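Student: One structure is given below, represented as structure tokens, and several questions about it will come after.
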Amino acid sequence: MSLAEYIDHTYLKPTATVADIKQLCNEAKTYGFYAVCVNGCHVSLAKEELKNSKVKLAAVIGFPLGAMSTEAKVFEAKDCVEQGADEIDMVINIGWLKSKMYEAVRNEIQAIKLAIGDKILKIILETCYLTDEEKEMACSLSVEAGADFVKTSTGFGSGGATFEDVILMKRMVGDKAKIKASGGIKDKETALKYIELGVSRIGTSSGPTLLK
């Protein structure tokens, strides 16, 4: 696979305009990125812009804090899928995880996976806020609940992806889930190192730069 085929071309800023989303989709088609990743309000626009292309459409839910009710997250996920999203990137409930409410965390992931059926579900751990033990537990709960991916970061926390976190995540999930590295990946060398460590997807707003 080429580097482009690993990239989720991402634009999640609150200031994202219609023009920004159109440009994002056009760049994804031009460079052959795997997917674009947008906020829920832009899903229908992105779907229209991507029609007749192979580029997938990912939407974030519970973003960026993960602290919404499970019911709200489920509704948001279903709404995004109904509007055309192929993949859902959901922020884990960090507070529940830290409170050792493991059953609640697992049940929430299961509920969202059930709601979106055969669509891809990525669980954003927001590793910058977690201890290694919490990261390990989050990976285990995600796998148990049927998630397709575990993902490092939103890009809105106090830190992004690290090689150490990806190594830990790979050790925990093995072949039971894939890994998406996101947050602060801005150059080709870093992206290739993550792929070498076993990630299946790179989330970045710097896709065109990575390929130049």
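The values are calculated or read from the model by the stated rules, or taken from the named source; none is laboratory data. Keep in mind it's a predicted model, so treat the numbers as computed, not measured. All Cβ positions, glycine included, derive from the backbone under ideal geometry; neighbour counts span all protein chains shown. Accessible surface areas use protein heavy atoms only, side chains included; no ligands, DNA or RNA. Shrake-Rupley method; radii C 1.70, N 1.55, O 1.52, S 1.80 Å.
Student: Could you list, in sequence order, all residues of the stretch 31-46 that are part of a helix (DSSP H, G or I), without any contact (Cβ under 8 Å) to a residue 60 or more places away in the chain and over 27 Å from residue 126 (Cα atoms)?
Tutor: First pass over the stretch 31-46, keeping only residues part of a helix (DSSP H, G or I): 31, 40-46.
Still in the list and also without any contact (Cβ under 8 Å) to a residue 60 or more places away in the chain: 40-46.
Residue satisfying the conditions is 45 alone.
Student: If a residue has to be open to solvent by 60 Å² or more (accessible area, probe 1.4 Å), closer than 20 Å to residue 185 by Cα and in contact with an Asp or Glu (Cβ under 7 Å, 6 or more places away or on another chain) to count, how many in the stretch 12-43 make the cut?
Tutor: Adding up the residues that qualify gives 1.
For (1) β-branched (Val, Ile, Thr); (2) in contact with an Asp or Glu (Cβ under 8 Å, 6 or more places away or on another chain); (3) open to solvent by less than 10 Å² (accessible area, probe 1.4 Å); (4) modelled with pLDDT under 95, each residue gets a yes or a no:
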| position | (1), (2), (3), (4) |
| --- | --- |
| 61 | yes, yes, yes, no |
| 66 | no, yes, yes, no |
| 83 | no, no, no, no |
| 90 | no, no, yes, no |
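Student: Further question: Would you call residue 70 open to solvent by 40 Å² or more (accessible area, probe 1.4 Å), among the β-branched types (Val, Ile, Thr), farther than 20 Å from residue 202 by Cα and free of Cβ contacts under 8 Å to residues at least 60 places away in the same chain? Walk me through it before giving the result.
Tutor: Numbers: open to solvent by 40 Å² or more (accessible area, probe 1.4 Å): no; among the β-branched types (Val, Ile, Thr): yes; farther than 20 Å from residue 202 by Cα: yes; free of Cβ contacts under 8 Å to residues at least 60 places away in the same chain: yes.
So residue 70 does not fit the description; no.
Student: Which residue is nearest to the chain's Cα centre (by Cα), if the candidates are limited to the stretch 1-11 and must be open to solvent by less than 60 Å² (accessible area, probe 1.4 Å) and aliphatic (A, V, I, L, M)?
Tutor: 7
Student: If you don't mind, there's one more thing I want to ask. Only one of 144, 189 is farther than 25 Å from residue 39 by Cβ, touching a residue at least 24 places away in the same chain (Cβ under 8 Å), out of contact with any Leu (no Cβ under 8 Å at 6 or more places or on another chain) and acidic (Asp, Glu). Can you tell me which?
Tutor: Criteria check complete, one pass: 144.
Student: Can you name every residue in the stretch 95-115 that is surrounded by fewer than 21 Cβ atoms within 10 Å (Cβ to Cβ) and not small (Gly, Ala, Ser)?
Tutor: Restricting attention to the stretch 95-115, the residues satisfying the condition of being surrounded by fewer than 21 Cβ atoms within 10 Å (Cβ to Cβ) are 95-96, 98-104, 106-107, 110-111, 114-115.
96, 98, 100, 101, 102, 103, 106, 107, 110, 114 - these are the residues of the stretch 95-115 that are surrounded by fewer than 21 Cβ atoms within 10 Å (Cβ to Cβ) and not small (Gly, Ala, Ser).
Student: Okay, next question. Any residue at all in the stretch 159-170 that's within 21 Å of residue 70 (Cα to Cα) and within 16 Å of the chain's Cα centre (by Cα)?
Tutor: Residues of the stretch 159-170 within 21 Å of residue 70 (Cα to Cα): none.
Taking every residue of the stretch 159-170 in turn, none turns out to be within 21 Å of residue 70 (Cα to Cα) and within 16 Å of the chain's Cα centre (by Cα).
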